Every structure is written in structure tokens, then in C-alpha cells.
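So the structure is just underneath, and the comments pick up after that.
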Amino acid sequence: MFSKIKEKILTKERITFEEGVALYKSNDLLKIGELGRLAREIKSGKGKSNWVYWNKNLHLNPTNVCIGHCNFCAFARLPNEEGAYTYTTEEAIEKTRHGVKNGAMEVHIVGGLNPKAALPYYTELLIALKKEFPGLHIKAFTAVEIEFFSKLTKLSHEETLKKLISAGLNSMPGGGAEIFSKSVRDETCPDKIPAESWLEIHGIAHKLGLKSNATMLCGIGETIEDRIDHMVQLRKQQDKSKGFQTFIPLSCHYEDTEIAGTVEPLTAFDQLKNIAISRILLDNFDHIKAYWIQLGVGLAQVSLNFGADDLDGTVQEESITHAAGAERRGLEKDFLQNLIKDAGYTPVERDTVYNVLKVSA
Ligand code: V47
């Protein structure tokens, strides 16, 4: 199997669903990693096979009020529940100011499905953010939020996105994808839009000129086949709309969640396989991100040898994984760059859409 897949990587031939499953079922982690690294070298292009991207960014979660129910989420609160919050525009600006003072060039905004923080709330926030910080890139809203805003305002997905773009939206993050399989969605996040809608909304965003990312949340009771099916669906969508930049495998954290104790947590092997196999299978995605908040810095660093070429960023103020037990909330840029250098790679500071800002030899 390994030599056939290696041949396919070298000749740029796609691997099949069955080959993806076979890779997951093997425990020869180093061979899988070797193939992931080879796929990454070929994908990164001449002179860039040693590059690892990072950026200076800030997460802003303006509200944790959510009327959806996901059994893996420790962040959401019902409207009148203790700990529920919704920032005013001024509070959100202050949080952002703190990040921008620390160098952030991108703000990643996502929040709960809160009927009191829908389209008018967010257009006002985006306009205010752009006025205050004109150079700041706004990467915001999962497809799940876009659908929620559309429903409340009775606008189409396209009209909703157009309104957000004219208020200042620059790109979309990859959240809310979870696992596309209907049975896993029904069990874990029944209120979230189905796979077809998630993919369709990203397709519309791409048509309107936005770049976006895609995630896959593992450790929520999915099978290996579900993971590969998720990636194959993303690969198909990317063939059509071409606007995905990065794939980000996520690992569930369980503290204060309902799902805790009901599923097998991911092992380090699972997480490294996610990186390597996604790099091999998603031949039309330019980048694979090792999200250190969820992998931990140690495994994120090792992932660079398994096909990942992006470490996300300094990620100040993250709340979603933090609520479920992630230890670190932000990294100093020197520390982040040292992780990359220590693994034998070249840190490349980028903006959100992968324009190169600085190559640190
Ligand atoms: O959609 C929720 C996940 C996602 C938990 O696009 C959890 O660059 C782990 O999408 N344990 C939000 N994960 C994060 C996200 C993201 C992160 C970094 C970069 C980008 C990008 C996107 O977090 C949610 C959900 O899949 N999540 N609860 C949990 N307990």
C-alpha cells in the first residue's frame, strides 16, 4: 500500500477513499508521516518546502449565548444562564485594541447563535472595527452563523454575506464543519446545518471572492470512514469553488462537556495521522494547519514533520477550546518561531491570505 500511495503522490494522482481508510488503519506512523511530508514538499512548491507559516492574530468571541446544543461544547450558555455574556461594540473594540497593541494583524471572530447578536449587531461591530483599526483583517463567522443570520433576517446566504462583506468582512474561518456524517451530526450537534449547507455557504463565499478555511473535529465518536468521507467532501467542494486555503484537523477537549466519558479521546497517533493523511488526500488544499491550541505545542511541533506547514498564530484570547480545558491561550511570537526553527524549518510570517510578510532565516 505504501509504495503505491508514494507513487501516486509523486505522480500527483489522487488517493481514493479506500486508500485513505487503509492509511488510517495502519499503525506504521513513521511511514504515514513520511508520505505526509513528501506530499507537503511537493505541494509547497520550489524553494518553499522548508517554510512554516504563522501570523499575529487575536480571537474575539463576542457572545457565548447560543440556542444551539452541541454535546462537545463547553463554551455556550443559554440566554439567562450564569456566565452568559454578550459584548457591547465598545467592549469588543477594547478587547481588540488590546490584541492590536500586541501586534495582531488579524481578528478571528466567532460566537454563539444568539438571536440578540445577529446581522445588525455584527454589521455594526464590523463597521466599528474597520473604523478603529483600518488595516486589521477580519476573518469571521462560521457557515453555521451565516445560516443563522440568514434565517433571522430572511435574506439569502448570498445577500447575508454581501452585507457582511460591505461592513468589512475579509475572509471566513473553517469552524462549524465538525464531522459531516449525518449520524454523527444528529448525535453531537443536531441543531447545526447539514454538510451540504456548510459546503454550499463556503462555495458562495468563494464565488463572492472570500477565502475560507475548513476544519474537522475529531474525537466526537466518529469512525475512520467518517473522517475520510469528510475530507473527500471537502476535496470535491474545493474542485468546484477553489477558495479554501487551509485544512485544520481539530481534537476535541472534554472538560465541562456532556460528551466527556462517552467517546474514546484521540491519541497522539490519531492526531498525527489526521495531519499526514489530510495532507496526502487534500491535494487541492494549499496548507495544513497544526492548531497548537488543541494539539499542544509539543505535538504541533512534531506535526511539522508529518505534513503540516502552518502553526496558526499567536492566538491571543481564545475562549472555545479554553472553556473545554486547553491550557495555553496565547504564544509569544519568538517562542512560536523557535518551535519552527527547532524542528528544522524556516518561520514565515504571513497575513491571513498567505501573503508573505517576513521570512526568518
Ligand atoms: O467549530 C468546539 C471546535 C471550532 C470544542 O479557520 C471544539 O483558521 C475542541 O474553527 N474541543 C472553532 N474543539 C475553532 C475553529 C478554528 C480554530 C483555529 C483556526 C481556524 C481557522 C478555525 O472549535 C468549532 C468546533 O469544531 N470546538 N468545542 C471542544 N470542546
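Here are the numbers for the structure shown:
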| read-out | value |
| --- | --- |
| Any pair with Cβ under 7 angstrom, 6 or more apart, that starts in segment 46-67 at a residue that is charged (D, E, K, R) and ends at one that is open to solvent by 20 Å² or more (accessible area, probe 1.4 Å) and assigned to a loop (DSSP other than H, G, I, E, B) | 56/103; 56/105 |
| Among the candidates 11, 16, residue that is open to solvent by 50 Å² or more (accessible area, probe 1.4 Å), without any contact (Cβ under 8 Å) to a residue 60 or more places away in the chain and under 16 Å from residue 224 (Cα atoms) | 16 |
| Selection within segment 247-272 - under 18 Å from residue 223 (Cβ atoms) and outside any loop (DSSP other than H, G, I, E, B) | 249, 250, 251, 269, 270, 271 |
| Test: residue in segment 317-334 that is touching a helix residue (DSSP H, G or I) at 6+ places or on another chain (Cβ under 9 Å), at positive phi and away from the ligand (no atom under 12 Å from the Cβ) | yes |
| Subset of segment 252-292 that is open to solvent by less than 10 Å² (accessible area, probe 1.4 Å) and closer than 16 Å to residue 325 by Cα - its residue that is farthest from the ligand (Cβ to nearest atom) | 292 |
| Given (1) in a loop (DSSP other than H, G, I, E, B); (2) basic (Lys, Arg); (3) surrounded by 19 or more Cβ atoms within 10 Å (Cβ to Cβ), index of the condition residue 329 fails | (3) |
| Exclusive hit being more than 15 Å from the ligand (Cβ to nearest atom) and within 30 Å of residue 135 (Cα to Cα), set 242, 211 | 242 |
| Of residues in segment 304-316 being out of contact with any Ser or Thr (no Cβ under 9 Å at 6 or more places or on another chain) and more than 14 Å from the ligand (Cβ to nearest atom), the one nearest to residue 31 (Cα to Cα) | 306 |
| Candidate set: segment 86-120, residues that are charged (D, E, K, R) and crowded, with 17+ Cβ neighbours inside 10 Å; chosen: the one nearest to residue 138 (Cα to Cα) | 106 |
| Test: residue in segment 178-196 that is more than 24 Å from residue 69 (Cβ to Cβ), within 11 Å of the ligand (Cβ to nearest atom) and open to solvent by less than 50 Å² (accessible area, probe 1.4 Å) | no |
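The values are calculated or read from the model by the stated rules, or taken from the named source; none is laboratory data. Please read these numbers as outputs of a predicted model, since none were measured by experiment. FYI the Cβ positions are ideal-geometry reconstructions off the backbone, even for glycines, and counts take in every protein chain you see. Ligands, DNA and RNA are stripped out before the accessible areas are found, and what is left, the full protein with its side chains, is counted by its heavy atoms. Shrake-Rupley method; radii C 1.70, N 1.55, O 1.52, S 1.80 Å.
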